Amino acid sequence: MATETVKALTADEITELCLRHTLYDWSAQSALHPMPVTSAKGVYFHTADGRRFIDFNSQLMCVNAGHGDRRIIDSIKLQADQLPYISPFMAHEPRARLGRKLAKLLPGDIDKVFFTLGGTDANENAIKMARAVTGRPKILARYRSYHGSTGTAVQATGDPRRWANEYAGAVVHVTDPYHGVQRGTDPADVALAHLEEVIRLEGPETIAAFILEPITGTNGILIPPDGYLEGVREICDSFGILLICDEVMTGFGRTGRWFAVDHWGVVPDLITLAKGLTSSYAPLGAVGMRPNVASYFDQHVFYGGLTYNSHPLGCAAALGAIQAYEEDDMVGNSKRMGAVLATHHRRLQERHPCVGVARSIGLFGALELVRDRKTLEPLAPFNGTSPEMKSIAQALVDAGMHTFVRWNVIMTNPPLCITEAELDEGFEILDSVLEIGDRAAS
């Protein structure tokens with residue numbers, strides 16, 4: 001029987017069919033016109049209509065190894081030939097090898113992991129574990145955070161995406177040290193005093209865990225003041241509260257270290273992973289836990305499960321991704337190119353009145369745009385946009401750049417394989433487009 005030749009869809013057909021038959025995230029569907037992407041390599045991707053884009057956000061801060069890395073692809077293909085799926089109640093080689101590898105890479109004495117499908121369910125399960133181990137109901141989280149879109153994870157999220165999903169209790173929010181571009185960042189001691197006050201007012205004996213991103217991601221690359229994370233660890237210890245660090249976005253080299261907590265020498269009780277774990281070539285998340293957490297489940301049932309827990313293809317993708325990071329020293333490259341990125345940030349701030357604040361650590365960066373350098377009035381309000389920000393976002397697309405533009409913030413989070421020349425190319429585009437913001441700035 002002859003194999004039927006399938007005619008490739010045109011760019012318009014791909015977009016039209018996707019919109020007609022599939023639902024897109026976080027969007028009113030009538031306003032969408034998604035790019036029809038067909039291929040990607042390194043720091044670039046290509047659309048069905050022949051355009052090339054430099055990926056300055058690693059998609060959703062997740063394609064850490066860059067696009068099209070053969071080591072990850074071949075690892076997935078080999079595993080698909082051997083064993084594409086087996087029940088999570090079974091054991092298989094990629095699960096064994098990845099568990100051992102993560103035990104070596106993860107901070108401190110974290111040496112056991114529970115595999116999930118992604119970051120949201122990693123956070124869900126970390127919270128579930130913390131409640132089980134402590135016997136306490138409440139979870140502390142921070143405003144300006146993002147922890148996922150399901151159940152308790154979206155309750156813990158501290159940005160406006162939570163508002164339409166508030167249907168569960170027992171989550172208490174505290175402020176991030178950062179309070180917006182105009183007010184800035186509290187010193188560590190002030191932020192820690194606020195945290196301890198909330199804990200005492202809520203009742204320490206009712207709080208199971210404090211979940212936080214060591215460096216807040218989608219809400220602006222918010223880097224804590226030195227001493228803050230260390231102080232959080234001490235406060236949690238003093239009250240018997242477990243510390244959950246959400247490293248879904250910051251893990252696997254994004255900040256110039258394997259994990260963001262490594263910058264401050266802090267070891268959380270639980271750490272959640274995804275995105276860079278596989279460079280997003282296949283879905284996989286994980287919850288890493290210290291012995292004080294893991295040992296509880298030696299004699300107590302863990303009441304959680306996922307059909308795709310420890311999926312062989314996901315584990316194989318993670319092994320390929322870690323191989324790529326190590327062989328090419330991508331974590332080191334993130335640190336080296338992060339210094340170059342920071343220099344570009346400073347130059348843009350010097351050249352463009354609309355750049356009020358530039359923040360970065362490794363290849364994790366953001367520019368906050370303002371209308372006035374003196375008052376630091378943002379170029380778009382919290383949870384809103386403006387004609388100028390809409391024009392900037394469109395101009396970036398027109399110039400061949402993909403990145404994340406949210407409220408008054410432009411993200412600069414390229415793949416960890418990026419070269420200095422490719423960084424120069426991206427920042428040339430940003431340099432030209434920021435003139436739109438300058439016209440609005442005084």
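Within the stretch 248-290, being part of a helix (DSSP H, G or I) and within 15 Å of T116 (Cα to Cα) holds for K275, G276, L277.
Condition (residue is at positive phi and touching a strand residue (DSSP E or B) at 6+ places or on another chain (Cβ under 6 Å)) applied to the stretch 203-223: is it met by at least one residue? There is at least one residue in the stretch 203-223 that is at positive phi and touching a strand residue (DSSP E or B) at 6+ places or on another chain (Cβ under 6 Å).
Residue-level check: of (1) touching a Phe, Trp or Tyr at 6+ places or on another chain (Cβ under 6 Å); (2) closer than 21 Å to P88 by Cα, G276 misses just (2).
In the stretch 291-313, the qualifying residues are those that are assigned to a helix (DSSP H, G or I) and touching a helix residue (DSSP H, G or I) at 6+ places or on another chain (Cβ under 6 Å), and the one that is surrounded by the fewest Cβ atoms within 10 Å (Cβ to Cβ) is Y296. Scoring G285 on the criteria (1) touching a Pro at 6+ places or on another chain (Cβ under 7 Å); (2) not assigned by TED's automatic domain parsing to the domain that holds N383 leaves a single failure, condition (1). Per the listing A321, A358, A316, A342, the residue uniquely over 28 Å from E124 (Cβ atoms), surrounded by 19 or more Cβ atoms within 10 Å (Cβ to Cβ), aliphatic (A, V, I, L, M) and at pLDDT 95 or above is A358.
Whether any residue in the stretch 195-211 is crowded, with 20+ Cβ neighbours inside 10 Å and under 26 Å from A321 (Cβ atoms) is what I want to check. Scanning the stretch 195-211 turns up at least one residue that is crowded, with 20+ Cβ neighbours inside 10 Å and under 26 Å from A321 (Cβ atoms).
Rundown of residues vs (1) closer than 22 Å to T255 by Cβ; (2) of a type in the set (G, A, S), yes/no style:
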{"position": "H352", "(1), (2)": "no, no"}
{"position": "V355", "(1), (2)": "yes, no"}
{"position": "R373", "(1), (2)": "no, no"}
{"position": "A421", "(1), (2)": "no, yes"}
{"position": "E425", "(1), (2)": "no, no"}
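Beta carbons closer than 9 Å, at least 6 apart along the sequence or on distinct chains, pair a first residue in the stretch 18-29 that is loosely packed, with under 10 Cβ neighbours inside 10 Å with a second that is outside any loop (DSSP other than H, G, I, E, B) for L23/Q29; W26/R161.
In the set (1) of a type in the set (A, V, I, L, M); (2) under 15 Å from A208 (Cβ atoms); (3) surrounded by fewer than 24 Cβ atoms within 10 Å (Cβ to Cβ); (4) under 23 Å from the mean Cα position of the chain (by Cα), the condition left unmet by I244 is number (3). All told, A188 meets the bar of being surrounded by fewer than 20 Cβ atoms within 10 Å (Cβ to Cβ), of a type in the set (A, V, I, L, M, F, W, C), under 24 Å from H263 (Cβ atoms) and touching a helix residue (DSSP H, G or I) at 6+ places or on another chain (Cβ under 8 Å).
Results for (1) in a helix (DSSP H, G or I); (2) touching an Asp or Glu at 6+ places or on another chain (Cβ under 6 Å); (3) polar (S, T, N, Q), shown as yes or no for each residue.
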residue: Q182; (1), (2), (3): no, no, yes
residue: L192; (1), (2), (3): yes, no, no
residue: L195; (1), (2), (3): yes, no, no
residue: L201; (1), (2), (3): yes, no, no
residue: A208; (1), (2), (3): no, no, no
residue: P214; (1), (2), (3): no, no, no
residue: T218; (1), (2), (3): no, no, yes
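Every listed requirement among (1) in a helix (DSSP H, G or I); (2) under 30 Å from S280 (Cα atoms) is met by L369 save one, (1). For L17, the conditions (1) part of a helix (DSSP H, G or I); (2) within 24 Å of L416 (Cβ to Cβ); (3) not polar (S, T, N, Q) are fulfilled apart from (2).
Scanning the stretch 148-199 for residues being at pLDDT below 90 and in contact with a His (Cβ under 8 Å, 6 or more places away or on another chain) gives a total of 5.
Scan the stretch 98-136 for residues that are hydroxyl-bearing (S, T, Y), crowded, with 21+ Cβ neighbours inside 10 Å and farther than 18 Å from A317 by Cα and the total you get is 1. Filtering the stretch 89-121 to residues that are within 20 Å of S295 (Cβ to Cβ), aliphatic (A, V, I, L, M) and part of a helix (DSSP H, G or I) leaves L102, A103.
The values are calculated or read from the model by the stated rules, or taken from the named source; none is laboratory data. Every value quoted in this text rests on a predicted model; they were computed, and no experiment measured them. Note that we place each Cβ from the backbone using ideal geometry, even for glycine, and neighbour counts take in every protein chain shown.
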